[in-house]
Amino acid sequence: MTDTDTLVRRLADRAALEDLVARHTVWIDEERWDETGRIFTEDVAVTSPRGEARGIPALVALVSGGNGYEATLHTKANLVIDLDGDTASLRANDIGVFLKEGNEAAVAAGTHHYTARRTGDGWRFDGLRVAPFALTGGIARAL
């Protein structure tokens, strides 16, 4: 590969991985469980404050198992991507707002540590570790 080809491939890989992080955020907020295979590998391993899961069925069961919130809204920032051929590690800060029943919300912050690999269908996450930073109690909502 020429230097230009290498640069174009690295930029395309970074764009695909950035898109994967965005899709993960929408996946959780909009409960798009039918899109799980577009984001994660079949053997994905996840560790989060809610528990651990290995494989897509276990992951969907973990996240869709009723968290007691009416809706969530996550935002990721400070994305760092380290590429190594057909694998990558990513780090993103995450802030989530969780609407509770009634007139309350809660806010959580943490860091998402992803691992990804290139598959025949493009990049997919094969690992995710959620490191919690802070969680509020109920906060009265103005909206």
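In debye, nearest 20, what is the charge dipole magnitude of the chain about its Cα centre with +1 on Lys and Arg Cβ and -1 on Asp and Glu Cβ, if you could check?
Charge dipole of the chain: 280 debye, to the nearest 20.
Just to verify a number: FRET efficiency for A71 and L7, C-beta to C-beta distance, R0 = 41 Å, to 0.05? List each step's numbers first, then the result.
Working: r = 41 Å, r/R0 = 1.00.
That gives a FRET efficiency of 0.50.
How large a share of the accessible area of the chain, in percent, is made up of carbon and sulfur atoms when the probe is 1.4 Å and the other protein chains stay in place?
54
Projecting the Cα atoms of G51, L17, G122 onto the dipole axis of the chain, where Lys and Arg carry +1 and Asp and Glu carry -1 at the beta carbon, places G51 farthest toward the positive end.
Using the reciprocal of the averaged 1/r over all distinct C-alpha pairs, how large is the Kirkwood radius of the chain in Å?
Numbers: mean 1/r = 0.0620 Å⁻¹.
By the Kirkwood definition, the hydrodynamic radius is 16.1 Å.
Taking every protein chain into account, the accessible area of the chain amounts to 58 square angstrom per residue (probe 1.4 Å). Karplus-derived 3J(HN,Hα) values for region 102-112, using 6.51 cos²θ - 1.76 cosθ + 1.60 with θ = phi - 60°, are x, 10, 10, 9, 9, 10, 10, 9, x, 10, 9 Hz; glycine and proline are entered as x.
Give me the distance in nm between label points sitting 7 Å out from Cα along the Cα-to-Cβ direction at T47 and A16, one decimal. Each label point is offset 7 Å from its Cα along the Cβ direction, giving 2.8 nm.
Restricting to DSSP loop positions (anything but H, G, I, E, B) with no more than 16 other Cβ atoms inside 10 Å of their own Cβ, which trypsin sites (Lys or Arg not before Pro) remain in region 10-57?
Values: sites: R10, R14, R23, R32, R38, R50, R54; in loops: R32, R50.
The qualifying sites are R32, R50.
Rg and Dmax of region 1-63, both derived from C-alpha coordinates alone, stand at 14.9, 46 Å.
Considering every alpha-carbon pair of region 46-101, the percent of pairs per 10 Å bin, from zero through the bin containing the longest distance, is 19, 36, 37, 8, 1.
Computed over region 65-143, the convex hull of the alpha-carbon atoms projects to a mean area of 6.7 nm².
What is the local net charge at E70, summed over the other residues whose Cβ is closer than 14 Å to its Cβ (Lys, Arg +1; Asp, Glu -1)? Spelling it out: positives minus negatives among the neighbours equals -3. Length gained on full extension, R54 to T111, computed as 0.36 nm times the residue gap minus the Cα-Cα distance: 18.5 nm.
The values are calculated or read from the model by the stated rules, or taken from the named source; none is laboratory data. As the structure is a computational prediction, the values presented were derived from the model and not from experiment. Positions of Cβ are generated from backbone atoms using ideal geometry, with glycine treated the same way; all protein chains shown enter the neighbour counts. Surface areas here come from the heavy atoms of the whole protein model, side chains and all, with no ligands, DNA or RNA. Shrake-Rupley method; radii C 1.70, N 1.55, O 1.52, S 1.80 Å.
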